[in-house]
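K.L.:
Take this structure first; my questions come after.
The values are calculated or read from the model by the stated rules, or taken from the named source; none is laboratory data. Everything numeric here is computed off the predicted structure, so don't read it as measured data. Because the Cβ atoms are built from the backbone with ideal geometry, glycine has one as well, and the counts that use them run over all protein chains shown.
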Amino acid sequence: MRPGGAALRRPGGGREVREEGHSRVPGAPGAGAAPPAAHGGPVGTEPVMKRTGDDTRTEGGGMKGGGNGETGGFALFDPDQFRGKVVMVTGAGKGTGPGGIGYNAAMAFARAGARLAIIGRTGETLLRTVAEIEDLGGEVIYEVGDVSDEAALARLFAETGKAFGRLDILINNAGISGDVRALVRIPSRNYRYAFNVHLHTMATTRLAARLMRERGIQGTILNVGTYFTSPHRQILRPYPFRTPYTGAQAWKLEHARAAAWELARDGIRVMALNLGPVEGGRIDSIVYPLGAMERGLWGREVAGEDIRRKTEEMHPSRRFLKQEDAARSILALASQELRDSANGTVVELAGGVDYKVPPAACPPLLGGPPPDCRGRRVLLIGRPDAAQASSIALACAAAGARVVLAAPDASRILSSLAGGKEPAAYGDGQRTLLGSMKAVDLRPENEAEITALFEDLTSGPEAELDAVIVMTGETLEAASVTDVTAEVEERLKERFAFEPAACMRHALASFLVLGNRRAGLKDPRFLSLRSCFELLERGRGTPGKGGALQRLPEGWRVEEEGLLQAGARRGQGSLILVGPSVTREEADGAPMIGVVRAGLQAVVSSLAAETAAARSAIRVNAIFPGSDSRAADAARTARTALHLMAPDGAGISGMIYHPDERNAGILARGPLAGRTAVVTGGGRNLGQAIALRLAREGARLVLAGRGQADLELTARAIRALGGEAHAVVADIAFPGQRERILQAARALTGPGGEGRQAMGGVDLWVNNAGIGGAFATLPDIELDGEARWHQTLAVNFTGAWLGMVRAILDMRRRGAGGEVVNISTYYADQPYVFRIPYTVPKILLKTCAEILADALRPHGISVTDIQPSLIDGPRFQWVAKNYAEQFKKHGVAEPLADPAVKEWFRRLIPDRAPRPEDVAEAVCFAARRGPAGSGQWIPVSTLPASRLDEPADPAAPRSPGGTALIIGSARTNSEIDRAGALAAWCLESGAQRVVVAADDGMTARLGPHLKQGASGSPWWNLPIAPERDGRLEIRGVDPTSAQGVADLFSSFAEVDSVFYVPGAPRTGERFVMFPADPALAGLDEASIEARYREHQRCLSLFLDRHVTAGLIVARQAARSLGAGGSFTVSQPAPRTPEALLACEALRQMVRVAAEEFRLLGKGRKALYAQKAPAPGARLMEVETAVRAAGAARPARYRRRAAIQAPAQA
């Protein structure tokens, strides 16, 4: 470093001429100089702008009258103001031709009498500038050094303070072109270097502010940028193949604006100048030729001269700025006259250049349901905020994507989502959302780890990568842009420039490698990420004479370029950058957020232009959460990311989304918007899929179930999608817990409290909760214990029914109408072997829905039954495993080798099982149809929708055998006579012993029928022991007592036929029509509650006497019958809803038992009859064989026609 020669001054403020050719400032009037521009020029012997009239300029260049332009003549700026000022210019070396912007600015200040401190990395060019300044008689100190080296900058500032004692103006000009290449081809070290050179402004601004404050100088700091990265919220100016240049320039420009706010209190003014293209050696020798070469590599052949010509045509004057234009602009903005006006501004003085780019009018992404991303593989990478990463990961998983989360604390984030559980301990709901989610603990600053990760994702025969979401996380603790330490500056650049660039570069290369495979490339160098990087980083050549490409021996060959272009055109994927969030308060307290956002925005828009230039389907977009009016909403960020990565988002690229801005769009208001939906069993499997689907339709969700972890995770996923969800841990089998579900729904009200949502409550009740129950044949069914008969009945019917009733009463209370959707099963009336405990409760629920539909329609309440077959997923595997075990347990070692079993599998087990999403779609379909679809059932299966009758079995018994047992609970005369007719038939058919076992009620009513001569009764002439021949006995038994029935059967050495004759439900056992009772409308809540409790008592009696009793009798019969024996249920056609329920339940027991007997070769039969036998009839003439469709029922209860949901598999 050395000081320059002392300046020689002359009176009047002029400068002595030290060398010919430097008599005037460029642009000043005189020989060989351009006339002063209207907008002002640098310093000469006259002011740059003058005004004629009454007030005229003084001879010495000052003003008389209003010196500030109040009334008299004025100058745009006074040239003499720079005399004696200390000006520092970075990048001031003189290269070839007219020199660069820094050199010409330094010379202009020198001619104006300023003292200079300059820095440049090349000693030869910097010394040229020093010599010319000294030749002008100016004072100059200099430092040969790289501006990316803060130590060199510190030495220059220290010497400036020592030599001059002050600093008045800082011109941050130094910069380099950097690699003129696509980002994917720029080595990280080159990217870092170019960025650091341009961002020397952070260090120089900090050092200048410190020096100015120490010396009490109200100085000026000016950053020289470029028009092509002018930050703008509505217009993005991409600069393809200049990513490090454009990103750093945008960062630098925004840094100037932020610094202006901080330094204003010290009187220091900071601004930036954006120039258009400036004539000089760099443009014609570097930028345009290399830009043309890079475009040619990607298949767009163009000459450097053509790029220049098209750029010139963007200017009104059809020419670039000259170096003296740039120098004038710099002096003008640094002047006292303009520094206040330009403070905190990025001033564009670009010669009117019009860069034809469309406004960034982002299409709204928050409307409509979240997209379906099933099958897509998504990588979340970076240093994300844990809450943001969790939200985006859950939203992607809920949309069906497979997620890889790579971050420093990825494992902790995933563990937090799982409630601390290891994958092996996941619940079903957790497994669905988290099972395909992988965590990779990654250090983003370690590029080797990034490379290894992407290599793993893109290698192997099933390598896939559809979207990469790069998350920067939030800004560091820096609240200032001018007082931060060098260490913090480096961390900021690492986190918000270098790490995102490395991740995006690897993402683009990965999409390219996968595109090479789609294009069928065979060259292995194009099919591996590491080898592809080696290819990409090679040079192509150098610009030759006339711009012709001079290829390098080790560079790209023509055939290799063709392969690269083919792969690029098959490349596809979505690259999304999620930047730091901001609110108004944060922006005021942490202006660095805006600085780093500006740099990221410029990089993203330029990358999008690069992929477009390569004719690739790779899309590049950015999301900046938060706004000046609200805090960042992670759900909005997640929803935006989902839309951008979805297949139908293929046309969106180069956009910057601000999802939390007021005009960003309104979250979807689907057909169920504002309505409260309760999904029982909503935390896992089918219930989880239904809940997620309803959330996409806009419904508010109350998720009820027993697994807290599954419920909470599902609720978080719904909130991540932008919905509202509340988890309630409750078992619908228990009354108090059912009430808890209803209370949660009542606590919710719609926005504004109008119309249907004026009162909180249930609008849609989805009865999904259920348990599979035990796999067992009829003889092996256990009544008590977890997953046995009583537990399965309590969950699959009792709890579901009572919850449904509560919901209907709530809908009637509000007068709002609503929908009830029951999830029963395709197998409710099918011979679904080993599944009586599962199918009987389901057919009860299904039948109740059919019965209630018409009665509830006047209240605006619809009831629909969804009937899925086996669903793809964990439950399918569980069922398949149990079936294999059960068949082997019962002697069928190879089920699929047995023709009968194989045929059973073909009819009832789908080859292509529907997915949970198909059932969820059917639920939405039913909810949208409302009363128009009430009472209908919707099968969701690839199996036939129609139920085929089972053929009659010719081997069915035609006689009751030697011993027949008739068990009854009849009450009416017709029912008692039915039992008598059966007894008479058995005796006529040769039975040696007939036992009628009746409960107390039937026994009490049987007396009159036994009297001699009882008119019309089949009982009066029967040989009842002991009076007659003793073949007929009458005993007492309680069919509801498992032990009593077992004791009855144990009294027989052998039983050949068992007949069950149940009585019809009586008044005290009727419950079905209670929720539709018109009388409820006039009752208060206390009276309705009393009626509800009575209804519960009736339900309990019905189930004990007419369902469980039938199972007890059937089970004991199956245990006791020998080979060739038969079990028959005989009951009349139903005449009440409860009788219909009883018929359906018993029919299903018989249906399944008969199939079990047939498939397992037990030699026994199960039959169902609705006709009573006549004397002399043969059994096969009066008994109906087991039918899948069931016998005829009264017209008012006849099953309605099935409908098909649009999305049925």
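K.L.:
As an exercise: evaluate residue 280 against (1) out of contact with any strand residue (DSSP E or B) (no Cβ under 6 Å at 6 or more places or on another chain); (2) surrounded by 23 or more Cβ atoms within 10 Å (Cβ to Cβ); (3) modelled with pLDDT of 85 or more and give the number of the one condition it does not meet.
P.N.:
Answer for residue 280: the failing condition is (3).
K.L.:
Shifting gears a bit: Mind listing whichever residues of region 1147-1171 are of a type in the set (A, V, I, L, M) and closer than 17 Å to residue 961 by Cβ? Steps first, answer last, please.
P.N.:
At the first step, the residues of region 1147-1171 found to be of a type in the set (A, V, I, L, M) are 1149-1150, 1152-1154, 1159-1160, 1166-1167, 1169.
Of everything in region 1147-1171, those that are of a type in the set (A, V, I, L, M) and closer than 17 Å to residue 961 by Cβ turn out to be 1166, 1167, 1169.
K.L.:
Quick one: which strands (runs of 3 or more DSSP E) lie wholly within region 528-603 and hold at least 2 residues that are crowded, with 19+ Cβ neighbours inside 10 Å and at pLDDT 85 or above?
P.N.:
On the way: elements: 541-543, 549-551, 572-578.
Counting at least 2 such residues, we get 572-578.
K.L.:
For residues that are crowded, with 22+ Cβ neighbours inside 10 Å and either acidic (Asp, Glu) or within 11 Å of residue 140 (Cα to Cα) (or both), tally how many sit in region 150-163.
P.N.:
1
K.L.:
Now for a different question. Mind listing whichever residues of region 210-227 are surrounded by fewer than 24 Cβ atoms within 10 Å (Cβ to Cβ) and of a type outside the set (Ser, Thr, Tyr)?
P.N.:
Listed by number, the residues that qualify are 210, 211, 212, 213, 214, 215, 216, 217, 218.
K.L.:
Looking at region 717-731, which of its residues are of a type in the set (D, E, K, R) and outside any helix (DSSP H, G or I)?
P.N.:
Keep residues of region 717-731 that are of a type in the set (D, E, K, R), which gives 719, 724, 731.
Answer for region 717-731, where residues must be of a type in the set (D, E, K, R) and outside any helix (DSSP H, G or I): 724, 731.
K.L.:
With the condition kept exactly as written, say whether any residue in region 345-358 is assigned to a loop (DSSP other than H, G, I, E, B), at pLDDT below 90 and farther than 23 Å from residue 252 by Cα.
P.N.:
yes
K.L.:
Let me ask something additional. Out of all the residues in region 784-835, which are crowded, with 20+ Cβ neighbours inside 10 Å, assigned to a helix (DSSP H, G or I) and among the basic types (Lys, Arg)?
P.N.:
806, 812
K.L.:
Across region 302-323, which residue is nearest to residue 290 (Cα to Cα) among those that are touching a helix residue (DSSP H, G or I) at 6+ places or on another chain (Cβ under 7 Å), free of Cβ contacts under 8 Å to residues at least 24 places away in the same chain and assigned to a loop (DSSP other than H, G, I, E, B)? Steps first, please.
P.N.:
Narrowing region 302-323 to residues touching a helix residue (DSSP H, G or I) at 6+ places or on another chain (Cβ under 7 Å): 302-305, 307-308, 318-320, 323.
Within this subset, residues satisfying the condition of being free of Cβ contacts under 8 Å to residues at least 24 places away in the same chain are 302, 307, 318.
Filter once more, keeping what is assigned to a loop (DSSP other than H, G, I, E, B): 302, 318.
Numbers: 302: 11, 318: 23 Å.
That would be 302.
K.L.:
Which one is surrounded by the most Cβ atoms within 10 Å (Cβ to Cβ) among residues in region 839-888 that are among the aliphatic types (A, V, I, L, M) and part of a strand (DSSP E or B)?
P.N.:
Step one: list which residues in region 839-888 are among the aliphatic types (A, V, I, L, M), which gives 840, 843-845, 849, 851-853, 855-856, 861, 863, 866, 870-871, 879-880, 884.
Going one step further and asking which of them are part of a strand (DSSP E or B), we end up with 861, 863, 866.
Working: 861: 25, 863: 31, 866: 28.
Result: 863.
This table checks each residue for (1) of a type in the set (A, V, I, L, M, F, W, C); (2) touching a strand residue (DSSP E or B) at 6+ places or on another chain (Cβ under 9 Å); (3) farther than 23 Å from residue 541 by Cβ.
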| residue | (1), (2), (3) |
| --- | --- |
| 158 | yes, no, yes |
| 173 | no, yes, yes |
| 176 | yes, no, no |
| 183 | yes, no, no |
| 190 | no, yes, no |
| 193 | no, no, no |
| 196 | no, no, yes |
| 201 | no, yes, yes |
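K.L.:
Can you name the number of the only condition in (1) without any contact (Cβ under 8 Å) to a residue 40 or more places away in the chain; (2) over 27 Å from the mean Cα position of the chain (by Cα); (3) over 17 Å from residue 153 (Cβ atoms) that residue 488 fails?
P.N.:
Result: residue 488 fails condition (3) only.
K.L.:
Across region 1091-1118, which residue is surrounded by the most Cβ atoms within 10 Å (Cβ to Cβ) among those that are charged (D, E, K, R) and in contact with a Ser or Thr (Cβ under 9 Å, 6 or more places away or on another chain)? Give the steps one after another, and end with the answer.
P.N.:
Just the residues of region 1091-1118 that are charged (D, E, K, R), to begin with: 1091, 1093-1094, 1097, 1104-1105, 1115.
With in contact with a Ser or Thr (Cβ under 9 Å, 6 or more places away or on another chain) added as a condition, the list becomes 1104-1105.
On the way: 1104: 14, 1105: 21.
Restricting to residues being charged (D, E, K, R) and in contact with a Ser or Thr (Cβ under 9 Å, 6 or more places away or on another chain), the top hit is 1105.
K.L.:
I need a count of the residues in region 682-702 that are within 12 Å of residue 919 (Cβ to Cβ) and not aliphatic (A, V, I, L, M).
P.N.:
Going through region 682-702 one residue at a time, the tally reaches 4.
K.L.:
Could you go through region 1043-1060 and let me know if any residue there is aromatic (Phe, Trp, Tyr) and under 55 Å from the mean Cα position of the chain (by Cα). Break it down stepwise before answering.
P.N.:
Step one: of region 1043-1060, the residues aromatic (Phe, Trp, Tyr) are 1049, 1052, 1059-1060.
Subsequent filtering for residues that are under 55 Å from the mean Cα position of the chain (by Cα) retains none.
No, every residue in region 1043-1060 fails to be aromatic (Phe, Trp, Tyr) and under 55 Å from the mean Cα position of the chain (by Cα).
Table: residues versus (1) part of a helix (DSSP H, G or I); (2) more than 16 Å from residue 99 (Cα to Cα); (3) polar (S, T, N, Q); (4) in the same structural domain as residue 211 (by TED's automatic domain parsing).
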{"residue": "262", "(1), (2), (3), (4)": "yes, yes, no, yes"}
{"residue": "265", "(1), (2), (3), (4)": "yes, yes, no, yes"}
{"residue": "270", "(1), (2), (3), (4)": "no, yes, no, yes"}
{"residue": "273", "(1), (2), (3), (4)": "no, yes, no, yes"}
{"residue": "283", "(1), (2), (3), (4)": "yes, no, no, yes"}
{"residue": "286", "(1), (2), (3), (4)": "yes, no, no, yes"}
{"residue": "290", "(1), (2), (3), (4)": "yes, yes, no, yes"}
{"residue": "294", "(1), (2), (3), (4)": "yes, yes, no, yes"}
{"residue": "300", "(1), (2), (3), (4)": "no, yes, no, yes"}
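K.L.:
Another question, then. Pairs, please: C-beta under 6 Å, at least 6 apart or cross-chain, first residue at pLDDT below 90 and in region 400-425, second surrounded by fewer than 18 Cβ atoms within 10 Å (Cβ to Cβ)?
P.N.:
Close Cβ pairs (under 6 Å, with a partner that is surrounded by fewer than 18 Cβ atoms within 10 Å (Cβ to Cβ)) amount to 400/374.
K.L.:
Can you pull out the residues in region 610-629 that are closer than 20 Å to residue 598 by Cα and not in a strand (DSSP E or B)?
P.N.:
Hits for region 610-629 are 610, 624, 625, 628, 629.
K.L.:
How many residues does region 376-393 hold that are farther than 15 Å from residue 623 by Cα, of a type in the set (A, V, I, L, M, F, W, C) and out of contact with any Asp or Glu (no Cβ under 8 Å at 6 or more places or on another chain)?
P.N.:
Matching residues across region 376-393 total 3.
K.L.:
Within region 448-462, identify whether any single residue is β-branched (Val, Ile, Thr), touching a residue at least 40 places away in the same chain (Cβ under 8 Å) and touching a Ser or Thr at 6+ places or on another chain (Cβ under 8 Å), and answer yes or no.
P.N.:
Quick first cut of region 448-462, residues β-branched (Val, Ile, Thr) only: 450-451, 458.
Narrowing the set further to residues that are touching a residue at least 40 places away in the same chain (Cβ under 8 Å) leaves 450-451, 458.
Keeping just the survivors that are touching a Ser or Thr at 6+ places or on another chain (Cβ under 8 Å) gives 458.
The answer is yes; a qualifying residue exists.
K.L.:
If I ask for residues that are modelled with pLDDT of 75 or more and surrounded by fewer than 17 Cβ atoms within 10 Å (Cβ to Cβ), which ones from region 945-970 would you list?
P.N.:
Hit for region 945-970 is 962, nothing else.
K.L.:
Does residue 913 meet the test of being crowded, with 17+ Cβ neighbours inside 10 Å, modelled with pLDDT of 60 or more, out of contact with any strand residue (DSSP E or B) (no Cβ under 8 Å at 6 or more places or on another chain) and not in a helix (DSSP H, G or I)? Steps first, answer last, please.
P.N.:
On the way: crowded, with 17+ Cβ neighbours inside 10 Å: yes; modelled with pLDDT of 60 or more: yes; out of contact with any strand residue (DSSP E or B) (no Cβ under 8 Å at 6 or more places or on another chain): yes; not in a helix (DSSP H, G or I): yes.
When the stated conditions are applied, residue 913 passes them.
K.L.:
Follow-up. If I ask for residues that are in contact with a strand residue (DSSP E or B) (Cβ under 7 Å, 6 or more places away or on another chain) and not β-branched (Val, Ile, Thr), which ones from region 85-96 would you list? Can you show your working first?
P.N.:
Residues of region 85-96 in contact with a strand residue (DSSP E or B) (Cβ under 7 Å, 6 or more places away or on another chain): 85-93.
Scanning region 85-96 gives 85, 88, 91, 92, 93.
K.L.:
In region 363-465, which strands (runs of 3 or more DSSP E) lie fully inside it and hold 2 or more residues that are β-branched (Val, Ile, Thr) and surrounded by 15 or more Cβ atoms within 10 Å (Cβ to Cβ)? It would help to see each step written out before you state the result.
P.N.:
Values: elements: 377-382, 402-407, 437-441.
Once the strands (runs of 3 or more DSSP E) in region 363-465 are filtered for at least 2 residues that are β-branched (Val, Ile, Thr) and surrounded by 15 or more Cβ atoms within 10 Å (Cβ to Cβ), what remains is 377-382, 402-407.
K.L.:
Right, next: Is it the case that residue 687 is in the same structural domain as residue 798 (by TED's automatic domain parsing), farther than 30 Å from residue 536 by Cβ and at pLDDT 90 or above? Even if it seems obvious, please write down each step before you answer.
P.N.:
Values: in the same structural domain as residue 798 (by TED's automatic domain parsing): yes; farther than 30 Å from residue 536 by Cβ: yes; at pLDDT 90 or above: yes.
For residue 687, the condition - in the same structural domain as residue 798 (by TED's automatic domain parsing), farther than 30 Å from residue 536 by Cβ and at pLDDT 90 or above - is met.
K.L.:
Something else about it: Can you tell me which residue within region 680-716, out of those that are part of a loop (DSSP other than H, G, I, E, B) and of a type outside the set (D, E, K, R), is surrounded by the fewest Cβ atoms within 10 Å (Cβ to Cβ)? Break it down stepwise before answering.
P.N.:
Taking region 680-716 first, the residues part of a loop (DSSP other than H, G, I, E, B) are 681-684, 697-699, 706-707.
Among the residues that remain, those that are also of a type outside the set (D, E, K, R) are: 681-683, 698-699, 707.
Values: 681: 29, 682: 33, 683: 30, 698: 20, 699: 28, 707: 18.
Checked region 680-716; the qualifying residue surrounded by the fewest Cβ atoms within 10 Å (Cβ to Cβ) is 707.
K.L.:
On to the next question. Name, by its number, the condition in (1) part of a helix (DSSP H, G or I); (2) surrounded by fewer than 20 Cβ atoms within 10 Å (Cβ to Cβ); (3) touching a residue at least 12 places away in the same chain (Cβ under 8 Å); (4) more than 53 Å from the chain's Cα centre (by Cα) that does not hold for residue 166.
P.N.:
(1)
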